[in-house]
Amino acid sequence: MESKQVKPEVKQWHVIYTKSKWEKKVEDLLMQQGFDSWCPVEKKERFWTDRKKIIDVPLFRSYVFVKISKEDYAKVLSTIGVVNFLYFEKKPAIIRDVEIEEIRKYLGLATKSTSIEIIDLTNLPPQTKVAINQGLFMKRKGEVIKASKHNIFVRLESINMVMIVEFKPHEVTPI
């Protein structure tokens with residue numbers, strides 16, 4: 001008798017859409033269920049009438065990354081606070097490990113003077129291809145969405161979002 005070898009399902013990073021302001025709660029609930037989940041946050045200073053405080057603000061509003069196999073889709077969707085998976089070209093968006101690591105590295109290197117802003121790409125037309133010459137994204141290529149003297153908008157294909165990173169003009173070369 002032949003025994004079938006069952007291939008373990010490959011786990012990949014997916015993006016889930018959460019209820020408004022539920023990102024960190026959903027991340028905790030997914031981790032309690034044993035999933036590898038991540039809600040990237042940046043520190044922001046907030047002011048109240050009687051005090052100021054530094055708080056963790058989600059980098060991607062209403063998005064949480066989760067590393068799962070296809071078998072886990074239903075369990076993730078049934079988690080309180082999860083609305084749906086983010087779809088790209090009619091399939092659940094898959095984020096490459098290298099993209100997750102780049103975001104983690106960038107957040108780890110961020111200082112008070114560094115600012116990251118995320119913009120939905122659906123309303124911005126693509127423009128010029130560039131190569132990054134220096135810094136964390138060195139040797140990477142990207143698509144410039146908009147440029148000014150100090151900013152370049154770099155497109156991350158798989159999540160259809162833009163990460164705005166400030167570069168000096170000499171750090172970018174058109175291809």
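The values are calculated or read from the model by the stated rules, or taken from the named source; none is laboratory data. Bear in mind that the values here come from a model prediction, so they are computed numbers and not experimental data. Cβ sites come from the backbone with ideal geometry, for glycine too, and all protein chains shown count toward neighbours.
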Only one residue in T79, T128 is at pLDDT 90 or above and surrounded by 13 or more Cβ atoms within 10 Å (Cβ to Cβ). Which one?
T79
Could you tell me how many of the residues in region 58-101 are part of a strand (DSSP E or B) and not aliphatic (A, V, I, L, M)?
10
State the number of residues belonging to region 78-100 that are within 22 Å of D28 (Cβ to Cβ) and free of Cβ contacts under 8 Å to residues at least 60 places away in the same chain.
3
Every residue in region 31-49 that is at pLDDT 85 or above and either polar (S, T, N, Q) or over 29 Å from K75 (Cβ atoms) (or both), please.
Q32, Q33, S37
Can you tell me how many residues in region 17-54 are out of contact with any Leu (no Cβ under 7 Å at 6 or more places or on another chain), in contact (Cβ under 8 Å) with a residue 12 or more places away in the chain, surrounded by 11 or more Cβ atoms within 10 Å (Cβ to Cβ) and not charged (D, E, K, R)?
9
